[in-house]
Each structure stands twice: as C-alpha cells, then as structure tokens.
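Report on one structure; see the data block that follows.
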Amino acid sequence: MRNTLAILALAALPAIVLSACNGGAAGGSGMSALPNASSASHHSKVRRGDNGPQDLHAGGADFPAYAYNLESQPVGTYNEPQAGPGQGSLFYAAPTNGTIYYCITNSGDGRKAFEGEGDSGFPPTGPCAALSATPTGYGGRMDPLDFASTATALASTECCAAGSPYANGRLSGSVTWGQPFEFPQIGGIISFPYLGSDFSVSSIQLSTWTYCAISNGTVSDWNDPAITADNGGTSVTGGVSQPITFYFRSDSSGTTYNFTNSLNAYCNISFQAPYNASPYGSPSRSAAWSYGVANTWPGPGSSGHPNPSFIGVFGAPNIAAAVQTVPYATGYLEGSYAKAAAHPALKQALLQNGYSKKKGAYFVDPTKNGLIAKSFAGLSASSISYGVGSDGNSLGSSTPWCQLNIAPSLLVAPPAKSYPLLGINYLLFYGNNNGVHLPDKTALIKYLESAAANKLVKKFEYTALPASIENAVISALNGSGSQAACLQ
C-alpha cells in the first residue's frame, strides 16, 4: 500500500522531478520566487552587452548555488537570452565588468568540465539544461569555462600526475591553462527536510543514533519508538504508523560525499547509554553505516542494495520538490534549498550534537545562522593541506601552494552544540588564464573573500569560512616570495 501511495505521489510531482528520470525539460521547483530559468528576468543583473565576450561562464555544484546565483539557471547558450544571477546573490553583487552565468549541474560534472573529461557529452559550449534536468552543457562562450565549482575537492586520481584527467595542466590545442587554483570558499550544512503539515509536532528532533538508523534503513517508520523517544515521548505522527520515504541524490554529488562522510564518522561508533538499549540499539537493531563514503549514493536504494523506500533523484531542487510532494518523505538536502522552499514550505529536523546525563540530548536547529558559523569555527589556516587531494594523497602538482584542501575528516568534528552535518564548497580556476577575463576573475575572488560577501552569505543557510582561511586564499591568489601568484 505504501509503495502505491509513493508512486501516485511521484506522478503528481512537478516536471522538474520527472525530468531527472527521463532527461526531459524541467518545470517549477517549488522553491520561493526566483528568476525564470528559461529567460532573463527583472531579478537578473542586466548590463549593456549582456551575453557578450566580457561575460564569465561557469558551473558545477548545486551545494553553493543558492548563495552564488539564487538558483537562477542560465538555460540555453551564450547567444540566447540567459538568466543572470538573482538579485541579492553573491555573483550578482560581485564587482565584475561582465555578468557571471553559473550553470548548476553537480560537483562531479563541474570537476569533469574543469578537467576536460567527458566534454563531448555535455561540453562547456553546449546548452545549459533546465534546472536539475540531465546536463547537456554549460551555456558558455568558450571551452574551457572561466571556473568551476565542487563540494568535493579534486582527488589524486583526477589531478595532477601523469595518467590523471588533469595531467600536467589542461591543454586546449597548443594552449596550456596551467595547474589548478583550487580553494575552499563557503561552508554550508546538510539537513533532513520534511513537510511540517504531515506531522503532529511543531518540530522534529533526531538523535545521532536515529538519523543514522533512518539513513541505513533500520528505522523505517516515523512512529518508531526511537523517534518518539527523541521527541520527549511524543509520537511525531500522533501514534499512527507512517513509513518513511527517503530521497537521495542519483547523480555524482559533493553533497552525497559530505553526507556519507558524516555518516561514516558518526554512525560507526560504540553508542553509549541510552542509545545502546531499547528503544534504540540492540544486537539486531543497528545504526551502523556500512556503505562507505562516495560521491554517488552507495546506501539503501542503490543498485547494489535495493530498497523501495529509498528513491534517487537528480539534483538538490528535485530532493526539495519530492519532499514537498510525497507524504512523510525526507532525505538529505542542503539547508539553503530547504529554507528557500515555498508553496509549501519545508522544515528541517533538529539534530543532536551533545548529551549529558542531567539534561539529556542537545538538539541543534540548522536554521540558526550563528550555530552554523560555530560549526566551522574550529577551522583555521592551519587546517589547510596544500597540494593534497580529497583522498589524502598528493596531487602531484607543480604548484602545490595553489591547491588548498581541508581534509574531510575535519568536517566531522564540529564543536559541541553546533550543527553536525557539514560541507565546504571549492572553486576551481585555471592557473594560467591566457588573458581571458583575468581582471574579473581576480575581482571575483577578492570579493568572495571580503567582509561584504561574508555579510551577504548570512542571509542564506551558509557561512563564511574563518578569516585566516580567507586570508590564505588571498595570499595564494597574489603569490609571495618564490611562490608565484596562483592566478595569472
């Protein structure tokens, strides 16, 4: 019966969700009012000569996209009307001469576009697809793009040694684009969204044990006694059985990597009282995450682990639309997208980070911006590993000071009473820009690391990274001593 209801509900989803399965055109996302994805609008930055040779074209991760362009998708190609960044976004406010057109795909495709791998499938000059439809290109004027974005830093298998996709610097014919300038730019959180009207409580609290057990399929009903215990003994469904439908990303996603990285750290522990006994863990009831860490969802519902309660869709907006539409659904989603969802609005579960015998579990609200900033407060310039990939191995770069990586292991140790599920977005620029938009690229990077940008970021469910990290980015940008500037 539950599967039938889920299928009927999916049939009613906006076209944007169905497009993830069949590659068709996308429709409305259920998000708050944003620029029309098919054409320019009054929300877009309009300058004389828009879509001209002065404009920048980029793309990749959807993790940071709400801050970067308010999810305004520049559908089509550069010689067609394209939506620019939404007013109030970082790319709208950036002091560049050209408009920044950022085509949202995902982290994996962003890295491939940067590396030149798979360009024939959806090249930088191919049309930018409608939001969360199957990628067809990036709508750019030239190959390569001006820059790319990813919520997972380059791995040693991608760059920069011989045999990797980005071996010894990217070449376009006889032109070299140099070693990558890669740096962490913005922090964000991953939440468990839900439709508030489905439930009988004003907010849902989930302990670490419980959200681990939801993610691995052990807890499959909202009326599970563990969820009831997390919420002070009150059933979140009024005592009625309501199976959980869990949505995951079907594409190669940095959000998936960061989410599974968190599960791998938080769920594979020896849980202490009260989470090692009824109504929580037991020898036959485990919250352990046995699927590892990956950019493509490896858990329940994946090809190797069938589970009809776990459903994959392409892109963050599709996750939001599914949870808005399918009764009693959840999944993992960037907090900014959950916050922006409207008609109907989505809520986000409060997650545990702290416990005392006297006061019990401490649950953190992901919508509290100060708590998000606190989550990243333990990071500093000393957290940066230079010339190292996300897999912990050397990139083999000739300019290791230009690849600034923060190890994923540092994202799973936030301070107590701060939000626990974290991600960092990275920007990828070419070290040698061959005179293409170099002043604007420099101005953009300096702006993104500025106090003005940091203030704007607070309006969304993101946070600026600590000042010492921003200073390290600017130092790499400018170069010092024997270390050449990372952007030339």
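Structure notes:
- The C-alpha atoms of the chain define a longest principal axis, and helix 316-325 lies at about 30 degrees to it.
- Sparse-neighbour loop sites [trypsin sites (Lys or Arg not before Pro); region 335-381; at most 10 other C-beta within 10 Å; DSSP]: Lys357, Lys358, Lys359
- Taking the centroid of alpha carbons for each part, region 213-240 and region 182-207 are 16 Å apart.
- Peptides 434-440, 250-256 ranked from most to least packed, by the mean per-residue count of other Cβ atoms within 10 Å: 250-256, 434-440.
- Förster-model FRET efficiency, 41 Å R0, Ser303 and Ala377, C-beta, rounded to 0.05: 0.55
- Gyration tensor (alpha-carbon) shape descriptor, region 190-372, a/c threshold 1.5: rounded
- Working note: Karplus 6.51/-1.76/1.60 with θ = phi - 60° gives region 383-394 the couplings 7, 7, 9, 8, x, 10, x, 5, 8, x, 9, 4 Hz, where Gly and Pro are set to x.
- Modelled spin labels at Ala452 and Val201, positioned 7 Å past Cα toward Cβ, are 4.5 nm from each other.
- Of the GluC sites (Glu not before Pro) in region 438-479, those whose Cβ has at most 15 other Cβ within 10 Å and which sit in DSSP loop: none
- From least to most packed, judged by other beta carbons within 10 angstrom and beginning with the fewest, Thr157, Thr228 follow the order Thr157, Thr228.
- Ala407 versus Gln272: modelled label distance in nm, points set 7 Å from Cα along the beta carbon direction: 2.4
- In terms of surrounding Cβ atoms within a 10 Å radius of their Cβ, Arg111, Arg170, Arg141 rank from fewest to most as Arg141, Arg170, Arg111.
- Distance between region 88-162 and region 415-483 - C-alpha centres, whole angstrom: 17
- Acute angle (nearest 10 degrees) that the helix 438-448 long axis makes with the longest principal axis of the chain, alpha-carbon atoms: 30
- Rounded, prolate or oblate (a/c below 1.5 giving rounded, otherwise prolate when a/b exceeds b/c) for region 311-443 by Cα gyration tensor: oblate
- With θ taken as phi - 60° and the Karplus curve 6.51 cos²θ - 1.76 cosθ + 1.60 applied, the whole-hertz 3J(HN,Hα) list for region 158-163 is 9, 7, 10, 6, 4, x Hz, x standing for glycine and proline.
- Gain on full extension, evaluated as 0.36 nm per residue between Ala162 and Ser356 minus their Cα-Cα distance, stands at 64.7 nm.
- The angle separating the long axis of helix 467-478 from the principal Cα axis of greatest extent in the chain is about 30 degrees.
- Annotation: amide H of Ser191 within the under-5 Å range of Leu333, Glu334, Gly335, sequence separation 5 or more or interchain, hydrogens built in the peptide plane.
- Maximal additional length on extending the Ser398-Glu80 stretch stands at 110.6 nm, based on 0.36 nm per residue less the C-alpha distance.
- Length available on full extension from Ala484 to Gln87: 0.36 nm per residue minus the Cα-Cα distance, which gives 139.4 nm.
Bear in mind that the values in this text are calculations on the coordinates, not laboratory data. Everything quoted here is computed from the prediction, not taken from an experiment. Note: ideal-geometry Cβ built from the backbone for every residue, glycine included; neighbour counts use all protein chains shown.
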